[in-house]
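The values are calculated or read from the model by the stated rules, or taken from the named source; none is laboratory data. The structure presented is a predicted model; accordingly, all values stated were derived computationally and were not measured. No Cβ is skipped: glycine too gets one built from the backbone with ideal geometry, and neighbour counts run over all protein chains shown. Ligands, DNA and RNA are stripped out before the accessible areas are found, and what is left, the full protein with its side chains, is counted by its heavy atoms. Shrake-Rupley method; radii C 1.70, N 1.55, O 1.52, S 1.80 Å.
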Amino acid sequence: MEVIIAKHAGFCFGVKRALQLVEEERKDRQGEVATLGEVIHNPQVVEKLSQAGVKQVGSPEEMKTGTLIISCHGVGPGVKEEAEKAGLEVVDATCPFVARAQELVSLLAREGYEIIIFGDRGHREVTGLEGYGEGRARIVDDIAEVEQLPFCRKLGMVVQTTREIERYQDLLARLGGKCQELRAFNTICEATLKRQKAAVELAGDVDLMLVVGGRNSANTRRLAKVCAETGAEVRHIETAEEISPEWLKGHDRIGITAGASTPQWIIDEVAERLRAKK
Ligand code: SF4
């Protein structure tokens, strides 16, 4: 059996940076260290952090003292300041690509645009971005929702950093008919673009594609989706233990890709498990 790992897979720059900040804080700080929500969407990494003493809180009010780390997905305006006012040390691990999208939403709001945020409703990054819109932003999760939008004079758009470029382009084409002026920013990050492109290329060349990463990870689920759209057989797994021998029957070439929040050790375990089956 041949096992091929996609050219771009696993941890991205923003995730590595966030985890490094968490590890440094845990090592250097006295007292409680907690992340606001999951610092990255990978249950195995979150479990390891918890074993190392890094707690997870749903809001700053859940902490009395200590260090609060903002996840790479970012938060809405004011959250950091509120936590600081409450006496917490705040470490901001927001990915710089998410921070750029936040700045662009602020800019569009200041310049009087109605704002579309193309992203997953309820996702932490998207909820945070909406907060920067000063009441002018609305989330569009699915292209079909464009039909419900009222016509307006000035319309601005940003997109969740992990969305698919093709959907963004489709949406862009449709929004033109909904306003007099359209100002759109492609805020999909390079890591997402590279992982999706490499995954699609590989999916077309193997018998089975394994997509490795948290089931709660938006970018991993999207990798599975773009691979499935090529017509490939696709399985989304979190760990090597989930691989069923049934899936491998009659397959000689297996491809592996992994979300931006999937650590290398999990990718390696999946590859080793497959190679051991030959
Ligand atoms: S996927 Fe992109 S936006 Fe998200 S953390 Fe990684 S580099 Fe940053």
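Tabulated values for the structure
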read-out	value
Test: residue in region 18-41 that is over 23 Å from E190 (Cα atoms), of a type in the set (S, T, N, Q) and within 24 Å of the chain's Cα centre (by Cα)	yes
Residue within region 253-273 that is without any contact (Cβ under 8 Å) to a residue 12 or more places away in the chain and more than 14 Å from the ligand (Cβ to nearest atom) present	yes
Selected residue (only one of V146, V200 is surrounded by fewer than 18 Cβ atoms within 10 Å (Cβ to Cβ), in contact (Cβ under 8 Å) with a residue 12 or more places away in the chain and among the β-branched types (V, I, T))	V146
Selected residue (only one of V91, V46, V98, V39 is β-branched (V, I, T), in a helix (DSSP H, G or I) and touching a strand residue (DSSP E or B) at 6+ places or on another chain (Cβ under 8 Å))	V46
Options A260, A276, A240: the member that is loosely packed, with under 14 Cβ neighbours inside 10 Å and out of contact with any strand residue (DSSP E or B) (no Cβ under 6 Å at 6 or more places or on another chain)	A276
Of all residues in region 199-211 being part of a helix (DSSP H, G or I) and away from the ligand (no atom under 14 Å from the Cβ), the one that is nearest to the chain's Cα centre (by Cα)	V200
Residue among R174, R167, R221, R183 that is more than 20 Å from V98 (Cβ to Cβ), of a type in the set (K, R) and open to solvent by 50 Å² or more (accessible area, probe 1.4 Å)	R174
Filter pass, I116 being away from the ligand (no atom under 16 Å from the Cβ), on the phi < 0 side of the Ramachandran plot and buried (at least 19 other Cβ atoms within 10 Å of the Cβ)	yes
Test set (1) of a type in the set (S, T, N, Q); (2) farther than 23 Å from K225 by Cα; (3) surrounded by 20 or more Cβ atoms within 10 Å (Cβ to Cβ) - Q160 fails condition number	(2)
Criterion: touching a His at 6+ places or on another chain (Cβ under 7 Å) and either hydroxyl-bearing (S, T, Y) or open to solvent by 20 Å² or more (accessible area, probe 1.4 Å) (or both) - qualifying residue of R124, R136	R124
Flag if G74 is surrounded by fewer than 15 Cβ atoms within 10 Å (Cβ to Cβ), under 20 Å from the mean Cα position of the chain (by Cα) and among the small types (G, A, S)	no
Evaluation of A228 against (1) closer than 17 Å to W247 by Cα; (2) in contact with a Ser or Thr (Cβ under 9 Å, 6 or more places away or on another chain); (3) free of Cβ contacts under 8 Å to residues at least 40 places away in the same chain (one fails), failing number	(2)
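So that you can scan it fast, the table gives a plain yes or no per residue for (1) more than 15 Å from the ligand (Cβ to nearest atom); (2) touching a Ser or Thr at 6+ places or on another chain (Cβ under 8 Å):
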residue	(1), (2)
G10	no, yes
K16	no, no
Q30	yes, no
V39	no, yes
E62	yes, no
